[in-house]
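Trainee: Would you mind keeping the following structure in view while I ask a few things?
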Amino acid sequence: MDFTPEFSLPVTLGGPVKEVSSQCYQSGINEFGELEGYIDIEAPEPGDEGRKIFCRIENERCVTVTMRYRELPISDTFLGIDLYREFSAKEQFAEKLHALGIPAIAQFDGVVLPDHFVLIELDKSITWWDEDYWGKDGFREEAVALQ
């Protein structure tokens with residue numbers, strides 16, 4: 001699947017926990033206080049349980065949505081850039097995004113897209129952050145590592 005900076009998963013980013021939970025075909029609150037669930041974003045193969053998501057909960061709202069990748073090797077891309085083959089080269093991944101006109105910051109835990117409220121952990125997950133909840137300063141404070 002080819003992902004973009006725009007949030008397009010079939011759950012409501014920033015939505016109430018009850019609403020987001022109902023948009024998953026299986027969900028619950030895990031031991032870390034996150035909503036954990038499964039969604040369908042493509043035609044699953046027999047026995048495939050779909051994509052796993054985790055939502056950070058603040059004030060009874062899902063203020064982030066993290067989609068974990070399928071088991072490796074994966075075929076997912078982000079704006080056409082392979083998320084699996086590039087996982088050992090965060091700087092190269094960020095450079096490819098820059099070439100597409102997308103500001104990106106390579107850091108120890110992944111690549112941050114500060115203008116899009118996205119954090120990509122190249123071999124693990126993509127997290128979209130609710131812009132209305134975090135605001136630009138809050139997002140940068142939470143997602144951008146101090147160098």
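The values are calculated or read from the model by the stated rules, or taken from the named source; none is laboratory data. The model shown is predicted, which means the values in this text are computed figures rather than measured ones. So basically every Cβ, Gly included, is an ideal-geometry build from the backbone, and we count neighbours across all protein chains shown. We work out accessible area using only protein heavy atoms, side chains counted, and drop any ligands, DNA or RNA first. Shrake-Rupley method; radii C 1.70, N 1.55, O 1.52, S 1.80 Å.
Trainee: Among the candidates S88, S75, S8, which residue alone is loosely packed, with under 12 Cβ neighbours inside 10 Å, at pLDDT 90 or above, of a type in the set (S, T, Y) and in a loop (DSSP other than H, G, I, E, B)?
Mentor: After applying the criteria, what remains is S8.
Trainee: What pairs can you find where one residue is in segment 117-133 and over 20 Å from S75 (Cα atoms), the other is outside any strand (DSSP E or B) and open to solvent by 60 Å² or more (accessible area, probe 1.4 Å), and their Cβ atoms are less than 6 Å apart, with a gap of 6+ or different chains?
Mentor: Qualifying pairs under 6 Å: F117/E131.
Trainee: Still on this model: Of all residues in segment 11-28, which are closer than 12 Å to F54 by Cβ and either part of a loop (DSSP other than H, G, I, E, B) or in contact (Cβ under 8 Å) with a residue 24 or more places away in the chain (or both)?
Mentor: Result: V11, V20, C24.
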